[in-house]
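Student: Mind having a look at this structure? Questions to follow.
The values are calculated or read from the model by the stated rules, or taken from the named source; none is laboratory data. Remember, it's a predicted structure, so these values are computed and weren't measured experimentally. Cβ coordinates were reconstructed from backbone atoms using ideal geometry, including for glycine residues, and neighbour counts include every protein chain displayed. Each accessible area value is taken on the protein alone, full model and side chains, heavy atoms only, with ligands, DNA and RNA left out. Shrake-Rupley method; radii C 1.70, N 1.55, O 1.52, S 1.80 Å.
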Amino acid sequence: AAAAGAGWWALGVGSGVPRGGDPRKSYFVAPFEVQSGDPQLTWLREGSVSMLALTLSQWRDLHVVDYERALDLLRDLELDDERRLTREDALRLARRAGVWTAVTGVVTGTADSLFVVASVWDVASGQSVEKAQRAAPRSADPRTVFDALARDLLDLVGAPPQGTVALAQSTTSSVEAYRAYLDGSRALNAWQLQRADSLFGRAAALDSTFALAHYRRALTLGWASAGSDAQQQAVTAAIRHAGRLPQRERALVDAYADLTTALRAQQRRDTVTEGRAFVDAQRKYAAVVARDSADAEAWYGLGDALWHHRPGGWASAAAVVNWSAALRAFNRTLALDSSFHLAYSHKLDMYRAAAEQGSAVVLAGDSLRHVAGEPARLAADPQIREAKRRAAELATREARSWAAADPVPQAFLALSRAYLNVGRMDSAVAVLDTALAAHAELRTGMLPLLRAQLVARLRPAEAPAAVRAALATVTPEGLRRQGTADLMPLVLGASAVAGMGGSARDVDAIGRVLAEAVPTVPGLAGPSRPMIDWWNLAAKLAMGVPPASLRAPLDSGIAYIDRTGSAGPGGPQPATSVPYVAYLATRDARYLAALRRWRAGNPQPLPELDALEALARRDTARAREIARGFPSPDSMRTADAGMNPSRWVARAQVLADLGDARGALAMYEVLEPRRFAEFGLVDPGFTLYARSYLARGRLYEELGERAKAAAAYERFLEFWKDADPAFQPQLREAREGLARAKDAGRGAVPVGVR
């Protein structure tokens with residue numbers, strides 16, 4: 001790869017040959033045209049790029065566009081499916097890559113021979129520089145032909161050909177393994193993670209010493225199930241056999257091994273190993289970009305190692321220093337490769353952190369700063385508010401760029417999330433509607449279920465039908481194909497939306513399709529079904545499924561989490577929504593005790609549960625004292641933040657039990673789906689919101705406000721119009737309440753009036 005600072009090549013397009021250097025030392029290899037009807041030769045179209053790039057890249061003073069980057073360039077210029085590239089196509093691609101020599105070629109197969117002709121072009125002038133031809137018997141390994149062609153190209157710059165290691169020796173002795181590796185790289189480039197994992201796994205199975213196959217599989221698993229045993233095994237195998245690789249690939253494997261060590265240590269809370277491994281990874285990636293400042297993969301690795309390294313915790317001053325450096329590394333990655341998926345994802349993570357009102361992270365130009373102060377003061381500072389507005393704007397713009405450059409599910413998720421974060425709910429839904437209309441393959445994956453969660457915020461009464469429509473198209477294969485490390489919480493978020501319609505059947509259907517798509521928990525060795533069933537208990541309890549029928553899975557789930565210390569990635573704390581809603585439904589002290597155990601060390605109090613506990617002891621004086629400290633509904637209406645609906649429902653229950661019907665209704669009426677927690681947080685809030693209308697109807701009847709009682713009952717019946725037969729008692733209560741309100745002579749008001 002090219003030495004850093006050598007000054008003989010530039011990234012600018014169309015700026016002419018760099019002065020004082022040799023343009024023959026920077027190469028782009030275009031896919032060769034295959035002139036044969038034999039399907040056994042079609043792989044040489046893209047195989048030509050990989051084989052020549054790998055052989056040429058063994059020389060440190062050459063800059064060669066690697067295979068994965070070439071695939072990105074081809075897609076950017078919509079040439080990835082062209083059987084034959086013209087000279088002009090190759091020159092355009094080379095200029096986009098910032099290199100000054102382009103190589104094109106033709107592969108011809110006869111009954112007994114294979115002929116390959118390579119043409120070398122000067123990018124600045126468009127003139128032919130050299131032509132080379134090699135042949136081999138059809139029965140021979142075709143990589144020997146490309147080894148010979150690479151030596152011919154090296155003659156142009158005076159490199160001694162005897163210094164080049166044969167391609168088979170540096171990669172794999174198996175042509176079939178090599179072909180599977182190439183197909184896997186193409187699948188990974190298209191974000192088909194399951195297919196990529198399968199192909200890299202096949203390549204490694206055909207040749208267990210194939211270091212590149214192990215490395216690419218580890219990358220794929222890192223993006224789909226980071227921290228899993230399978231990923232660690234792939235990294236270990238890649239390191240074991242990396243000695244035969246060209247220098248650049250060997251350095252990337254070595255750096256990635258340190259990065260995965262750091263991430264696993266972070267999961268285990270081993271801060272000593274974590275810190276040392278992150279620094280080692282950063283140093284090694286920095287050395288790669290110092291040798292070749294156009295290596296997008298290395299820039300991304302450097303940014304990733306900085307982004308995840310958070311000494312002092314999330315958004316600490318030291319973490320923000322690393323984030324700022326990571327932001328610059330990701331910007332460099334995207335300048336080189338506009339479709340590098342996770343660079344967008346992590347940039348958006350940083351912009352969202354900088355946009356959050358009251359947070360200590362502030363965007364300043366292309367850097368991030370940590371500012372000291374209380375959240376309330378930071379939120380009130382006009383300069384900081386403007387910086388946060390700018391960060392939110394950049395998050396939206398960056399997400400639009402990602403979706404335009406690379407229309408994958410994650411890009412549309414990011415764009416809809418960006419609109420959601422700035423309150424543009426209609427735009428968030430429209431993004432997914434447009435994506436699903438334009439890309440039929442997306443309808444089988446997670447986007448329809450995410451759309452249902454957005455509809456729940458924008459048009460709540462339509463949400464249960466949106467879940468059912470999604471379940472009609474979503475398949476396990478579609479979810480796997482569009483997989484992401486966050487797939488489980490993103491999909492499970494739809495369970496609460498299904499609960500809005502009183503459909504435990506839809507909740508179970510979501511669980512079944514997800515368990516088939518993700519049979520094991522990412523990052524853990526255990527099966528996913530128990531975890532999925534555990535999360536779905538929250539939606540069922542929130543719907544009013546009799547707690548006695550759920551006691552066995554509740555108790556066994558609590559015992560499992562207590563025993564293992566984990567209900568999935570991140571430990572037991574994210575699992576607290578289940579015992580929280582279980583306590584609301586049962587007032588069983590065991591569930592409150594489990595909740596408190598799992599929240600040990602969390603400084604945020606839950607006074608509403610303390611008040612419910614006091615009521616269970618018949619200590620109404622203590623409950624009233626605690627309730628006086630609840631936030632007022634008016635403060636929530638004027639706040640510039642999201643809301644946790646479960647907590648407002650719990651506060652309403654406290655006040656209702658204390659006989660304060662008016663206060664309880666005020667708590668219910670402040671519920672606003674537009675402000676509920678965003679994607680990725682499994683919470684029964686949507687289910688509780690729909691069912692709160694039944695509670696509101698009772699309270700308005702108690703106060704003698706018949707019209708409002710009728711409106712509340714009608715609203716509940718609208719949500720539950722297709723509810724499961726098992727919920728008929730609640731539906732009957734609502735119908736009877738509605739009849740009483742109408743019989744009182746006041747009539748029912750239009751649905752939605754409060």
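Student: Could you work out how far apart the two model spin labels at residue 669 and residue 335 are, taking each label as a point 7 Å from the Cα in the direction of the beta carbon, and quote it in nm?
Tutor: 5.6
Student: Report the full-extension gain for the segment residue 625 to residue 397: residue separation times 0.36 nm, less the Cα-Cα distance, to one decimal in nm. Spell out each step's value before the answer.
Tutor: Values: separation 228, 0.36 × 228 = 82.08 nm, distance 4.79 nm.
Length difference between fully extended and current span is 77.3 nm.
Student: Given R₀ = 30 Å, what would the calculated FRET efficiency be for residue 604 paired with residue 552, taking r from the Cβ atoms and rounding to 0.05? Could the numbers behind the result be given before it?
Tutor: Numbers: r = 31 Å, r/R0 = 1.02.
Computed FRET efficiency for residue 604 and residue 552 comes out at 0.45.
Student: Could you calculate, for the chain, the ratio of the Cα radius of gyration to the Kirkwood radius, expressed as Rg to Rh?
Tutor: Rg/Rh for the chain comes to 1.04.
Student: I would also like to ask the following. Taking a ≥ b ≥ c as the square roots of the Cα gyration tensor eigenvalues, with a/c under 1.5 meaning rounded and otherwise prolate when a/b beats b/c, else oblate, which class fits region 257-368?
Tutor: oblate
Student: Report the trypsin sites (Lys or Arg not before Pro) located in region 572-671 that are in a DSSP loop and have at most 15 other Cβ atoms inside 10 Å of their Cβ, or state none.
Tutor: Hits after loop and neighbour filter: 617, 618, 628.
Student: Here's another thing I want to ask about it. Using 0.36 nm times the number of residues separating residue 424 and residue 726, minus their current alpha carbon distance, what extension gain do you get?
Tutor: Working: separation 302, 0.36 × 302 = 108.72 nm, distance 3.74 nm.
Using 0.36 nm per residue and subtracting the Cα-Cα distance, I get 105.0 nm.
Student: Tabulate in residue order the Karplus-calculated ³J(HN,Hα) for region 425-439, using 6.51 cos²θ - 1.76 cosθ + 1.60 with θ = phi - 60°, rounded to whole Hz; enter x for Gly and Pro.
Tutor: 5, 5, 5, 4, 5, 4, 4, 6, 4, 5, 4, 5, 6, 8, 10
Student: OK, next. How much accessible surface area, in Å² rounded to 10, belongs to the heavy atoms of residue 468 with a 1.4 Å probe?
Tutor: Looks like 80 Å² after rounding.
Student: Still on this structure, please answer the following. Bin width 5 Å, alpha-carbon pairs only: give the P(r) of region 173-318 as whole percents, running from 0 to the bin holding the largest distance.
Tutor: P(r) for region 173-318, in whole percents per bin: 2, 11, 18, 21, 21, 14, 8, 3, 1, 0, 0.
Student: Using a 1.4 Å probe on the protein heavy atoms only, what accessible surface does residue 446 show? Give it in Å² to the nearest 10.
Tutor: 0
Student: Non-local amide H neighbours of residue 123 (under 5 Å, H modeled in plane, Pro and chain starts lacking H): which ones?
Tutor: Under 5 Å from the amide H of residue 123: 101, 102.
Student: Continuing with the same structure: So for the chain: antiparallel DSSP bridges make up what percent, rounded to the nearest 5?
Tutor: On the way: 23 of 32 bridges.
The antiparallel proportion sits near 70 percent.
Student: Any idea what the relative contact order of the chain is, in percent, if you count C-alpha pairs under 8 Å spaced at least 6 apart? List each step's numbers first, then the result.
Tutor: Numbers: 1281 pairs, mean separation 55.8, N = 754.
Relative contact order here is 7 percent.
Student: Work from the charge dipole of region 294-367 (Cβ charges, +1 for Lys and Arg, -1 for Asp and Glu, about the Cα centre) and give the residue of 340, 357, 298 farthest towards its positive end.
Tutor: Checked the options; the winner is 357.
Student: With only Lys, Arg, Asp and Glu charged, each at its Cβ (+1 for the first two, -1 for the last two), find how big the charge dipole of the chain is about the Cα centre; round to the nearest 20 debye.
Tutor: The calculation lands at about 1580 debye.
Student: How much of the accessible area of region 350-472, in percent, comes from carbon and sulfur atoms when a 1.4 Å probe is used?
Tutor: The computed percentage sits at 53.
Student: Also: Sequence neighbours fewer than 8 away in the same chain don't count; with that in mind, list the lysines whose C-alpha is under 18 Å from residue 742.
Tutor: Correct list for residue 742: 708.
Student: A further question on this structure: Convert each backbone phi in region 182-191 into a coupling constant with the Karplus relation 6.51 cos²θ - 1.76 cosθ + 1.60 (shift: θ = phi - 60°), then list the ³J(HN,Hα) values in order as whole Hz, x for Gly and Pro.
Tutor: In residue order, the calculated couplings are 4, 5, x, 5, 5, 5, 5, 4, 8, 6 Hz.
Student: Calculate, for the chain, the solvent-accessible area per residue in square angstrom, rolling a 1.4 angstrom probe over the heavy atoms of the protein chains. Show your work: numbers first, answer last.
Tutor: Values: 29610 Å² over 754 residues.
So the chain comes to 39 Å² accessible per residue, rounded to a whole number.
Student: Once amide H atoms are built 1.01 Å from N in the peptide plane, which residues 5 or more positions from residue 368, or in another chain, come under 5 Å H to H?
Tutor: Those qualifying (amide H under 5 Å, at least 5 residues apart or on another chain) are 324.
Student: So which lysines pass the test for residue 131, namely a Cα distance under 28 Å, with those fewer than 8 places away in the same chain ruled out?
Tutor: Once the sequence-local lysines are set aside, what remains near residue 131 is 25.
Student: Now for a different question. Under 20 Å from a point placed 7 Å out from the Cα of residue 618 along the Cα-to-Cβ direction: which residues of region 657-674 have their backbone N that close?
Tutor: Output list for this probe position: 657-660.
Student: What figure, in Å² to the nearest 10, do you get for the accessible area of residue 386 with a 1.4 Å probe and non-protein molecules left out?
Tutor: 90
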